[in-house]
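Novice: I have a structure here, written as structure tokens, and I will follow up with some questions on it.
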Amino acid sequence: MQEAEPDRDDLALTRRAALRAGAVSAAVAMLGSAPGQAAARPIAMGSAAEIGAFRSDPRYREALKRYCDVVVPMNDLKWEALRHDRARFDFSGADELVAFAEANRKALRGHTLLWGEALPPWVKEMKTRAEAERELVNHIEVVVDHYKGRIATWDVVNEVIKYDPTSGGPWRDTVWQRLLGPEHVEIAFRTAARTDPKARLVLNDFHFEERDPGAAARRKVALDICRRLKDKGIPIHGVGMQAHLYAEKQIDTDGLQRFMRDLDGLGLDVEITELDVIDWKMPADAALRDKHSAALVSTFLNAVVSAKRPKAIVTWGLTDRYSWVGETFPRKDDAKARPLPLDADYRPKPMMAVLERYRRGTG
Ligand code: XIL
């Protein structure tokens, strides 16, 4: 295990996190020198924020204030939201969430500059390499510049790895891959770095934690991409693990820990970026599901943290009242999905206790 000293921003963030969580002693321990306590330093916690709920539900805004050190606009920085009209950028939703985060002194993650989904129709109709490159570069320049110095971390590319790279691969079939080839990733990182040289730049992807050959292959592809960027002198600072955990699957603790060490060897950070639990195949009993999900999240986080401390742990929403899981992974019965740390009435579930342990630095 290699534990780097936190940089200034990180320290400020985690210190605020600890103080907000009421754990003054943990913050002091973090700043102090006692060896052996390093692994118990607070980790910034955050959530994605969905603009509809944010606008309509005061309890949602309160929960963001209370539980988050980091806020991520869930959908409003995607091309679909920003580039609905080809001729102009619509920053309205993202600006609202960024202003909220700043007013409440939360750090921000930007999600995402390049993805094969959530694209307006005109992007999918592009025909030539030159057009795709021109649009991609222009988009990243305008968006990163708009939030320069305000959004500290960007998911520069999202889900560029093929779902199962063991059957051909390694790239996901997207409009960017079709028109630009593997270079789409380099163009994205290079442009983001040039536009805001101080931003932290992250490759974000999913299915790294499962115990199957596909996940192992995905970890290898991620490392290969990172290594290649580094070899070419293109800045990349970390890997984001989405961590949409399937309740019925097992965590590959060994594989994850090796992945952490390999990332560490490349000098890269890791962060958990979209944590939730997909409980579609679990029995309906709510208490049982909540207990199981908390245990799964604990197993996952423990595997990661014991090998490498993530920069942040971000959940994909806070309350079961609003989540993509129910729609995307429908249950066979009519029980509601329970993927997140607060229930639909904003009561903390056992998963929240697990997260708060890490936020306080006692995890
Ligand atoms: C999801 C949002 O949560 C939904 O509201 C939206 O309708 C679709 O996208 N991986 C990602 C996220 O990187 O951007 C996705 O978010 C969930 C899967």
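Novice: Quick one: give the max-minus-min coordinate of the C-alpha atoms of the chain along each principal axis, largest first, in Å.
Specialist: 54, 50, 45
Novice: Per-residue ellipticity at 222 nm for the chain, helices alone: DSSP H runs ≥ 4 residues times -39500 (n - 2.57), over residue total, nearest 500 deg cm²/dmol?
Specialist: Taking each H run of at least 4 residues, the total per residue is -13500 deg cm²/dmol.
Novice: Follow-up. Is the range 261-309 best put as rounded, prolate or oblate by its Cα gyration tensor, with a ≥ b ≥ c the root eigenvalues, rounded for a/c under 1.5, and otherwise prolate when a/b is larger than b/c, oblate when not? Each step should come with its number before you reach the end.
Specialist: Numbers: a/c = 4.20, a/b = 2.84, b/c = 1.48.
Because a/c hits 1.5 or more and a/b exceeds b/c, the range 261-309 counts as prolate.
Novice: Determine the gain in length on full extension of the stretch Asp231-Arg88; use 0.36 nm per residue of separation and subtract their C-alpha separation, reporting nm with one decimal.
Specialist: Result for the pair: 47.9 nm of gain on full extension.
Novice: Calculate how many DSSP beta bridges within the range 25-182 are antiparallel, expressed in % of all such bridges and rounded to the nearest 5.
Specialist: So the antiparallel bridges amount to about 10 percent of the total.
Novice: Report, ordered by chain and residue number, the lysines lying within cross-link reach of Lys162, taken as a straight Cα distance under 18 Å and ignoring same-chain residues fewer than 8 apart.
Specialist: List returned: Lys220.
Novice: Order Lys332, Lys349 by their accessible area, 1.4 angstrom probe, all chains in place, largest first.
Specialist: Values: Lys332 210, Lys349 15 Å².
So, going from the largest accessible area down, we get Lys332, Lys349.
Novice: First measure r as the distance between the Cβ atoms of Arg66 and Lys148, then evaluate 1/(1 + (r/R0)^6) with R0 = 25 Å and state the FRET efficiency to the nearest 0.05.
Specialist: Here the calculated transfer efficiency is 0.30.
Novice: Which of Leu113, Val144, Ala353 sits farthest toward the positive end of the charge dipole of the chain, with +1 on the Cβ of Lys and Arg and -1 on the Cβ of Asp and Glu?
Specialist: Ala353
Novice: If you don't mind, there's one more thing I want to ask. Can you tell me the FRET efficiency between Asp95 and Arg347 if r is taken as the Cβ-Cβ distance and R0 is 30 Å, rounded to the nearest 0.05?
Specialist: Working: r = 32 Å, r/R0 = 1.05.
Between Asp95 and Arg347 the formula returns 0.40.
Novice: Let me ask something else about it. Checking the table Lys78/Lys230; Lys124/Lys148; Lys65/Lys291; Lys65/Lys332 against a 30 Å threshold on Cα-Cα, which pairs fail? Mind showing how you got there, number by number?
Specialist: Values: Lys78/Lys230 26 Å; Lys124/Lys148 28 Å; Lys65/Lys291 25 Å; Lys65/Lys332 35 Å.
As for pairs spanning more than 30 Å Cα to Cα, those are Lys65/Lys332.
Novice: Under a Cβ-only charge scheme (Lys and Arg +1, Asp and Glu -1), can you give me the dipole magnitude of the chain about the Cα centre, in debye to the nearest 20?
Specialist: Here the chain has a charge dipole of around 700 debye.
Novice: Further, regarding this structure: Restricting the count to DSSP beta bridges whose residues both fall in the chain, what percent are antiparallel, rounded to a multiple of 5? Let's see the in-between values first.
Specialist: On the way: 3 of 36 bridges.
Restricted to the chain, the bridges split so that about 10 percent are antiparallel.
Novice: Would you please give the residues with an amide H less than 5 Å from that of Asp269, counting only those at least 5 places away or on a separate chain, with H modeled from the backbone geometry?
Specialist: Answer set, sorted by chain and number: Gly238, Val239.
Novice: Across the Cα atoms of the range 180-241, what radius of gyration and what greatest pairwise Cα-Cα distance (Dmax) are found, in Å?
Specialist: Computed over the Cα atoms of the range 180-241, radius of gyration and Dmax are 12.5, 38 Å.
Novice: Sticking with this one: Mind pulling the per residue volume of the convex hull built on the Cα atoms of the range 246-363? Å³ is fine. List each step's numbers first, then the result.
Specialist: Numbers: hull volume 11.7 nm³, N = 118.
In the range 246-363, the Cα hull volume divided by residue count equals 99 Å³.
Novice: Let me make sure I get this right: for the range 150-217, a, b and c are the square roots of the gyration tensor eigenvalues over alpha carbons, sorted descending. Under 1.5 in a/c it's rounded, otherwise prolate if a/b > b/c, else oblate. Which is it?
Specialist: Note, shape of the range 150-217 comes out oblate.
Novice: For the full complex of protein chains and a 1.4 angstrom probe, list Thr128, Thr195 by accessible area with the highest value first.
Specialist: Accessible-area ranking of Thr128, Thr195, largest first: Thr128, Thr195.
Novice: Considering all projection directions equally, how large on average is the shadow of the alpha-carbon convex hull of the range 183-319, in square nanometres?
Specialist: Values: hull surface 35.7 nm².
Here the figure is 8.9 nm², rounded to one decimal.
Novice: If amide H atoms are built 1.01 Å from N in the plane of the peptide, which residues on other chains or at least 5 residues away come under 5 Å of the amide H of Glu210?
Specialist: The answer is Asp252.
Novice: I would also like to ask the following. Per 0.36 nm of contour for each residue apart, how much would the distance between Val137 and Lys332 grow if the chain were fully extended, relative to their Cα-Cα spacing?
Specialist: Full-extension gain reported as 65.8 nm.
The values are calculated or read from the model by the stated rules, or taken from the named source; none is laboratory data. Keep in mind the model is a prediction, meaning the values are calculated, not measured. Neighbour counts run over all protein chains shown; Cβ positions are idealised from the backbone, glycine included. Side chains are part of the model used for accessible areas, which takes the heavy atoms of the whole protein and leaves out ligands, DNA and RNA. Shrake-Rupley method; radii C 1.70, N 1.55, O 1.52, S 1.80 Å.
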